[in-house]
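The structure appears below as structure tokens.
The values are calculated or read from the model by the stated rules, or taken from the named source; none is laboratory data. Everything numeric in this text was worked out from a predicted model, so none of it was measured. Cβ atoms come from the backbone with ideal geometry, glycine included; neighbour counts cover every protein chain shown.
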Amino acid sequence: MENSKKSIIIFLIIAGVIAASYYFFFVDRKTDKKQGAETKQEISESERVAQELADKYQAATDWDEKLSYTLQAQERLLTGRPALFRGYVDDIFERDGKTFVRFSSSFLSRIKYVLELECNRSIVDKILSEEADPSRFFDEHIVVANIQEVSKPVLALKGSALSEDEVEIDIESPTLFTASGVCIDIACVQFEW
């Protein structure tokens, strides 16, 4: 009788382990696949918009592959052909009677860059109307622009707090490119939670 109770308990423990393993390895993975499909759908919407803009303006999309030096960026961007960028609006300002929008690169960008683009009033109004909606805070912009100048700063300052009253400042070689030109078109891709 004692052995049969032990056998039943061992059998129940083994059945529980098998059931838990089945859940974690099969059921939970199906949930991950569904979430992956939703993520692909979001990515595909962004990719679809980017592809439409690239096709419409015959914009270069692969200009940032294996990019290390300013010369490479200049050769790829100063061609007279528009280029496609992804980023976030940092600022809108006027200089010499013209309106400019400063964009920073997307978090997922292969390289880091800042664009300072002259934009017409319709593009600025489009950006301002999107920015008025607080739910669109993390939205990414897909920008098509004709680039007229590319450079890389000589020095970059990086600071880190040592204490409440002390900051350590390091001088480094920058990894950030800057480019200026004219914005041709823009689209906002809405971030969905």
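Of Phe93, Phe100, Phe107, all but one fail to be part of a loop (DSSP other than H, G, I, E, B), in the same structural domain as Lys66 (by TED's automatic domain parsing) and free of Cβ contacts under 8 Å to residues at least 24 places away in the same chain; the exception is Phe107.
A quick yes/no check of all residues on (1) buried (at least 18 other Cβ atoms within 10 Å of the Cβ); (2) charged (D, E, K, R); (3) farther than 21 Å from Gln58 by Cα:
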site	(1), (2), (3)
Ala83	yes, no, no
Phe93	no, no, yes
Thr99	no, no, yes
Ser109	no, no, no
Ser122	no, no, yes
Lys126	no, yes, yes
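Please work out which residue is surrounded by the fewest Cβ atoms within 10 Å (Cβ to Cβ), limiting yourself to segment 163-193 and to residues that are touching a helix residue (DSSP H, G or I) at 6+ places or on another chain (Cβ under 8 Å) and at pLDDT below 85. The extreme case among them is Glu192. No other residue among Glu116, Glu140, Glu131 is at pLDDT below 90, touching a Lys or Arg at 6+ places or on another chain (Cβ under 7 Å) and assigned by TED's automatic domain parsing to the domain that holds Ser180 apart from Glu140.
When segment 77-98 is filtered for residues that are at pLDDT 95 or above and in contact with a helix residue (DSSP H, G or I) (Cβ under 8 Å, 6 or more places away or on another chain), the ones remaining, listed by number, are Pro82, Ala83, Leu84, Ile92.
Listed here are the residues, each with its yes/no results for (1) in a loop (DSSP other than H, G, I, E, B); (2) modelled with pLDDT of 65 or more; (3) not charged (D, E, K, R).
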{"residue": "Thr31", "(1), (2), (3)": "no, no, yes"}
{"residue": "Lys34", "(1), (2), (3)": "no, no, no"}
{"residue": "Val49", "(1), (2), (3)": "no, yes, yes"}
{"residue": "Glu75", "(1), (2), (3)": "no, yes, no"}
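Is it the case that segment 77-87 has a residue that's farther than 14 Å from Ala145 by Cβ and touching a residue at least 40 places away in the same chain (Cβ under 8 Å)? No: segment 77-87 contains no residue that is farther than 14 Å from Ala145 by Cβ and touching a residue at least 40 places away in the same chain (Cβ under 8 Å).
Scan segment 155-171 and give yes if some residue there is more than 25 Å from Glu52 (Cβ to Cβ), touching a residue at least 24 places away in the same chain (Cβ under 8 Å) and not basic (Lys, Arg), otherwise no. Explain how you work it out, then say what you get.
Step one: list which residues in segment 155-171 are more than 25 Å from Glu52 (Cβ to Cβ), which gives 155-171.
Keeping just the survivors that are touching a residue at least 24 places away in the same chain (Cβ under 8 Å) gives none.
Within segment 155-171 (the criterion being more than 25 Å from Glu52 (Cβ to Cβ), touching a residue at least 24 places away in the same chain (Cβ under 8 Å) and not basic (Lys, Arg)), the answer is no, since none of the residues qualifies.
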